Amino acid sequence: MLYQKEEPILNGQSSCAENFRCAFSPATFDLSAQVAIEKISELLRREKIEGVTLEQPEDLMSEARGLMTAHSGSDAPFDPERFSKIIDLYFRTSIKVGSTGYMARQFSSVFPVAAVFDMITAISPQPASFYEAGQLANVADKIIAEEFARRIGWDPDTCDMITTSGGSLANLTAVLAARNDRLYASWKTGVTRRNGTPAIAVGDDIHYSVCRVPGIIGIGQDNIIRLPLNDRRQICVRRAIPILREALAEGKDIFCLVISAGTTPVGAIDPLEELADFAEEHGIWLHVDAAHCGAFLLSERLRPRLRGIERADSFCIDAHKTLFVPALCTLLFYRDRAKARGAFSQEASYVFDHHENSMTRFESGAKNFECTKRPAILNLWLIWAMFGPQVIAQKLEYLVDLTWDAYSYLSSLPDFATVHEPEANILCFEYKPKGLDSIQISELQLALRDAIRDGGRFFISKVEIEGRNVLRIVMMNHEIEMDHIAALIFEIRSRAAEIMKSWEVRALDATMVAQ
Ligand SMILES: *Cc1c(COP(=O)(O)O)cnc(C)c1O
């Protein structure tokens with residue numbers, strides 16, 4: 001059924017040549033932009049509290065297919081009405097980052113002007129890897145790197161920063177640089193041994209992308225050493241150090257330690273200074289996955305939470321998460337500029353010049369896996385140029401404060417339990433009505449997440465902590481206030497009452513069947 005013979009996508013009444021002309025014409029831009037701007041403007045002003053609308057994929061697919069088939073009635077090859085319907089369909093099925101009911105994940109609304117600029121950079125490309133193709137993009141990389149270097153306390157002339165499409169790729173690139181630096185010659189001859197079996201160590205809540213890296217770079221999944229967490233879900237240094245020492249003594253050559261500044265489940269920041277001490281003492285490369293909390297560097301008030309990050313060999317920040325620019329834009333920093341080239345030491349004469357000159361010195365192609373790449377850094381540079389970085393800091397501070405207020409409030413309620421003290425804008429908690437055992441409590445959180453999502457007003461997530469489900473909210477929208485948290489609590493209580501009622505009915509049915 002789904003794979004019927006496709007009908008021609010062309011509008012029946014326009015000729016092929018006319019259609020082609022129209023597809024590339026500036027007039028089509030004018031018309032489509034007009035439609036789009038109106039729609040976006042409406043979206044940004046929408047005040048509805050909404051979660052997510054999940055459609056059945058088959059239904060969505062046939063609706064999307066319906067928009068692809070020719071229909072009569074219009075003479076113009078570009079049908080603004082169909083375009084308008086396509087935008088509506090996109091907005092209907094996308095994440096409601098502008099809603100005060102959306103608290104599920106690390107997606108944020110972006111600065112609207114950055115989104116507009118994203119269109120500029122799509123229309124007129126500056127592929128960002130090589131200077132001759134992306135001049136402003138490469139200069140902007142340097143400017144942003146210098147701005148951050150000042151805040152980290154690094155010398156802008158000796159550190160380096162590249163942008164990657166996502167934190168996952170940044171983590172892979174950093175660990176690869178670590179491998180090539182510490183297990184010297186690995187790039188050329190295959191993974192080399194130094195004094196034992198190459199291994200990396202990570203915190204137990206590390207992002208899954210990091211756990212894939214050993215498989216990718218030839219270290220092997222068996223050579224990941226996972227470090228235990230304390231009750232704030234940070235690496236527990238007291239228990240981690242003996243584990244690390246023991247692994248070293250047993251012949252694991254830990255060449256890289258990857259820790260977090262803002263874990264994905266709860267936003268925990270590992271003890272950076274103490275772990276930097278250990279790494280330094282043992283010649284281990286320290287990479288901090290600061291995808292989530294690295295943005296704290298921009299806030300005078302939040303920056304002290306990252307004390308110790310200046311001792312890392314590398315760290316990354318997801319600008320598309322907590323710097324509020326369009327995805328994807330990740331900043332990967334190296335303390336030592338010379339090490340940045342080590343991730344991909346390679347010769348490819350068609351793009352790489354052997355001798356650095358005044359231009360190639362500015363480009364990142366040799367240090368990055370990507371070739372063609374959107375100049376996403378320009379959106380961040382633009383915000384800096386138009387408003388200054390304080391607008392980012394202001395939003396971050398609000399979100400972190402709001403999360404703390406939500407934590408204090410939930411802690412005061414007898415039927416709720418918080419799971420951790422929040423260090424960032426992520427909060428995990430449980431709804432714990434009386435009379436349920438621990439298995440039922442865990443089941444209830446999962447059922448609650450689903451029921452709340454299906455209700456369509458709020459969208460929250462869940463994570464597994466120590467084998468049980470807990471609810472999780474991520475504050476990414478500065479329009480959320482404590483009233484919205486109170487409304488969410490009301491929603492949780494009433495949905496839970498319905499769920500428990502259905503459980504009672506089910507139990508009753510089961511006993512009747514048994515009789
Ligand atoms: C989101 C996230 C990542 C992955 O980044 P992408 O940009 O989604 O590839 C890695 N680490 C942490 C801590 C994250 O929050």
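Coordinate-derived values only; no laboratory data. Everything numeric here is computed off the predicted structure, so don't read it as measured data. Counting neighbours? That spans all protein chains shown, and the Cβs are built from the backbone with ideal geometry, glycine included.
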Treating cross-link reach as a plain straight distance, find the lysines whose alpha-carbon is under 30 Å from the alpha-carbon of Lys395, omitting any fewer than eight places away in the same chain. Lys39, Lys48, Lys96, Lys142, Lys321, Lys373, Lys462
What does the charge dipole of the stretch 391-514 about its Cα centre add up to, to the nearest 20 debye, if the Cβ of each Lys and Arg holds +1 and the Cβ of each Asp and Glu holds -1? 340 debye
Would you mind pulling out the separation of the Cα centroids of the stretch 424-469 and the stretch 284-306, in Å? 29 Å
Work out how much length Gln34 to Arg82 would gain on full extension: take 0.36 nm times their residue separation and subtract the Cα-Cα distance, in nm to one decimal. 15.9 nm
Taking r as the C-beta separation of Asp437 and Ser412 and R0 as 25 Å, the FRET efficiency to the nearest 0.05 is 0.55
Inter-probe distance in nm under a simple model that places probes 7 Å from Cα toward Cβ, at Glu42 and Glu250: 6.1 nm
Counting only DSSP loop positions in the stretch 445-498, the GluC sites (Glu not before Pro) whose Cβ has at most 16 other Cβ atoms within 10 Å are Glu466, Glu479, Glu481
Spin-label proximity, Met500 to the stretch 440-477 - amide N less than 19 Å from point 7 Å beyond Cα toward beta carbon: 440-452, 469-471
Can you give the extra length, in nm with one decimal, that the chain gains between Gln515 and Arg65 once fully stretched, where that is 0.36 nm per residue apart less the Cα-Cα distance? 156.8 nm
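Please list the three semi-axes, largest first and in whole Å, of the ellipsoid equivalent to the stretch 188-229, using sqrt of 5 times the eigenvalues of its alpha carbon gyration tensor.
Gyration-tensor ellipsoid for the stretch 188-229: 21, 12, 6 Å.
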Between the stretch 213-271 and the stretch 113-138, what's the alpha-carbon centroid distance in Å? 38 Å
For Cα pairs less than 8 Å apart in space and 6+ apart in sequence, what is the mean separation divided by the residue count of the chain, i.e. the relative contact order in percent? 18 percent
Size of the stretch 379-440 as Cα extents on the principal axes (Å, biggest first): 57, 21, 13
Enter the per residue convex hull volume of the chain, computed from alpha-carbon coordinates, in Å³ rounded to the nearest integer. 210 Å³
Given Ile465, Gly455, His420, which one lies farthest toward the positive end of the charge dipole of the stretch 391-514, if we put +1 on the Cβ of every Lys and Arg and -1 on the Cβ of every Asp and Glu? Gly455
I'd like to know how the stretch 391-514 sits against the 2.2 N^0.38 Å rule of thumb: what's its Cα Rg over that expected value? 1.16
So, with points 7 Å from each Cα along the Cβ direction, the Tyr90-Arg307 label distance in nm works out to 4.7 nm
Putting +1 on Lys and Arg Cβ atoms and -1 on Asp and Glu Cβ atoms, find which of Leu488, Tyr407, Leu508 reaches farthest to the positive end of the dipole of the stretch 391-514. Leu508
Tell me, what HN-Hα J-couplings in whole Hz come from the Karplus equation 6.51 cos²θ - 1.76 cosθ + 1.60 at θ = phi - 60° for each residue of the stretch 50-63, using x for Gly and Pro? 9, x, 9, 10, 9, 9, 5, x, 5, 5, 5, 5, 6, 5
Within the set of other residues whose C-beta is less than 14 Å from the C-beta of Ala115, count the net charge using Lys and Arg as +1 and Asp and Glu as -1. +1
